[in-house]
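Heads up: the structure comes next, in structure tokens.
What follows draws every value from the coordinates through simple rules; no lab data is involved. None of these values were measured; they are calculated from a predicted model. Reconstructed Cβ throughout: ideal geometry from the backbone, glycine too, with neighbour counts over all protein chains shown.
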Amino acid sequence: MGKWHDDHGGSMGGSKLYDVFSVAGLRVDAIQPGRVFCSFTVPPRLANASGRMHGGAVASLVDLVGSAVFFAGGSPTTGVSVEITVSYLDAARANEEIEIEARVLGIGGTTGCVTVEVRKKCTGEVLAHGRHTKYLAVSSKL
């Protein structure tokens with residue numbers, strides 16, 4: 001995942017701002033066929049005025065970890081997002097440890113779909129549930 005992140009997530013105009021601001025500290029705990037497990041301590045910079053993790057930061061984790069799990073599912077590409085949804089059930093607080101589990105639901109000839117669950121690490125309580133559908137066909141160079 002580190003190489004994927006360096007090649008894709010960290011290449012926004014040559015800047016590492018995205019990395020430093022939103023995903024610095026994301027740890028890959030395990031990779032299994034069709035599954036990726038990560039953990040993350042919510043930094044205060046990603047908390048809103050009430051001290052809870054901002055929904056946009058959660059959506060970024062769903063996007064990033066959800067994209068990475070396509071490789072664990074055997075896809076040669078992470079594709080292009082067609083749809084991404086996130087249901088927010090609760091929120092982590094600044095400095096709280098969370099875990100992110102992404103699972104491949106299916107990979108077809110041109111599309112694939114994954115789910116991403118964000119939980120409090122200490123209790124297992126589900127904080128958010130995401131679903132990410134991607135177009136996976138390799139583009140032509142014509």
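Between Ile31 and Ser87, 0.36 nm times their residue separation minus their Cα-Cα distance comes to what?
Numbers: separation 56, 0.36 × 56 = 20.16 nm, distance 2.42 nm.
My answer for the length gained is 17.7 nm.
Can you give the net charge of the other residues whose Cβ lies under 12 Å from the Cβ of Val36, counting K and R as +1 and D and E as -1?
Details: positive: Arg27, Arg35, Arg103; negative: Asp29, Glu99, Glu101, Glu117.
Computed value for this residue: -1.
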